[in-house]
Ligand SMILES: Nc1ncnc2c1ncn2[C@@H]1O[C@H](COP(=O)(O)OP(=O)(O)OP(=O)(O)O)[C@@H](O)[C@H]1O
Ligand SMILES: [Mg+2]
């Protein structure tokens, strides 16, 4: 009887000690986790502060320019290095197939960046990750210094004024050309007079007068492309993403579009990211180009530099390629 009582007492003491030990271990793990989260929070805070500083620096530079303290050249040079769009350690898997591999890309304010690379390398995927249409498997998208990886598509587009021309589609088939323009106009411009003025400007810029009533599905391939490009400009975007804008366009329309892109950069301070397989057309209107291969950026530089780059030549241009 006594031994039974002793056994039970020892058992109760053991359970008690064990539960204290388990609690202590759990608290230790929780504490470590909290410290780790704090550190992460702290480093992301520091990163965001640094990025906000960059935006403020640009504003300060613009003030100096507006007051005439910096001339056009000095202003352009000073803000050359200000990042507006940053892809940080982006990896993308479709099922188990890796498309993008730890990709880092800084795009500067008011830069026209060309993106080149063979079919299937992940160019459209990059645009979809920037707009939020696809979530990266790993990594972050920062716009104007703000981590927007988890900001939904519509909020991202309006908050950061993103304009996007997808590789395919981008309009409503059964609406006329004018109805498509009005639809996007009504989403972005509340004031009716402003909206109508903007749409009229686009109609004359893109020479749409004779096509206004035609259903979008009955437009030619090039006319459809022009419609989508014009729709992307209605909200006066800060960042314009163009996925193969030159495909299906005739030579004169390509020229018109190149002029629009360069004018947007000069007069509207817009940043443009454009990809296309018409490498010569693309290189003639960009400040910098990158070449993608096997999920990574293998070359980056001015149009002249990139066509001379040996990795870019072997992965994309081929040995015979010349700009002119
Ligand atoms: N939803 C998806 N599911 C599975 N694989 C996909 C999906 N979307 C894209 N891919 C694959 O990802 C790769 C990259 O596609 P992406 O469209 O980004 O290429 P791209 O560089 O734009 O090519 P292109 O020059 O032909 O337009 C391709 O191999 C494609 O098959
Ligand atoms: Mg594509």
Problem - Residue satisfying all of: in the range 91-128; within 11 Å of ligand 2 (Cβ to nearest atom) and within 19 Å of residue 301 (Cβ to Cβ); surrounded by the fewest Cβ atoms within 10 Å (Cβ to Cβ) among these - result: 118
Fill in the blank from the handout: Taking the range 133-142 and keeping residues free of Cβ contacts under 8 Å to residues at least 60 places away in the same chain and over 13 Å from residue 166 (Cβ atoms) leaves 135, 136, 137, 138, 139, 140, 141
Handout entry: Residue list for the range 132-178, filter: within 16 Å of ligand 2 (Cβ to nearest atom) and surrounded by 20 or more Cβ atoms within 10 Å (Cβ to Cβ)
Key = 164, 165
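Please state which one of 286, 273 is in contact with a strand residue (DSSP E or B) (Cβ under 6 Å, 6 or more places away or on another chain), assigned to a strand (DSSP E or B) and crowded, with 19+ Cβ neighbours inside 10 Å.
On the way: 286 fails: assigned to a strand (DSSP E or B).
None of the others qualify; the one that does is 273.
When you look at residue 215, is it more than 16 Å from ligand 1 (Cβ to nearest atom) and either out of contact with any helix residue (DSSP H, G or I) (no Cβ under 6 Å at 6 or more places or on another chain) or under 17 Å from residue 85 (Cα atoms) (or both), yes or no? So that I can check it myself, show each step before the final result.
Values: more than 16 Å from ligand 1 (Cβ to nearest atom): yes; either out of contact with any helix residue (DSSP H, G or I) (no Cβ under 6 Å at 6 or more places or on another chain) or under 17 Å from residue 85 (Cα atoms) (or both): yes.
Yes.
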Handout entry: The listed residue being touching a residue at least 24 places away in the same chain (Cβ under 8 Å) and surrounded by fewer than 21 Cβ atoms within 10 Å (Cβ to Cβ), out of 263, 294
Key = 294
Problem - Residue within the range 238-259 that is touching a residue at least 60 places away in the same chain (Cβ under 8 Å), assigned to a helix (DSSP H, G or I) and more than 16 Å from ligand 2 (Cβ to nearest atom) present - result: no
Completion exercise
Counting only residues that are within 11 Å of the chain's Cα centre (by Cα) and more than 10 Å from ligand 1 (Cβ to nearest atom), the range 106-139 contains a total of 6
Handout entry: Search result, residues across the range 214-226 that are part of a helix (DSSP H, G or I), over 20 Å from residue 273 (Cβ atoms) and modelled with pLDDT under 95
Key = 221, 222, 223, 224
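The values are calculated or read from the model by the stated rules, or taken from the named source; none is laboratory data. Everything numeric in this text was worked out from a predicted model, so none of it was measured. Please note: Cβ atoms are built from the backbone with ideal geometry, for glycine as well, and neighbour counts cover all protein chains shown.
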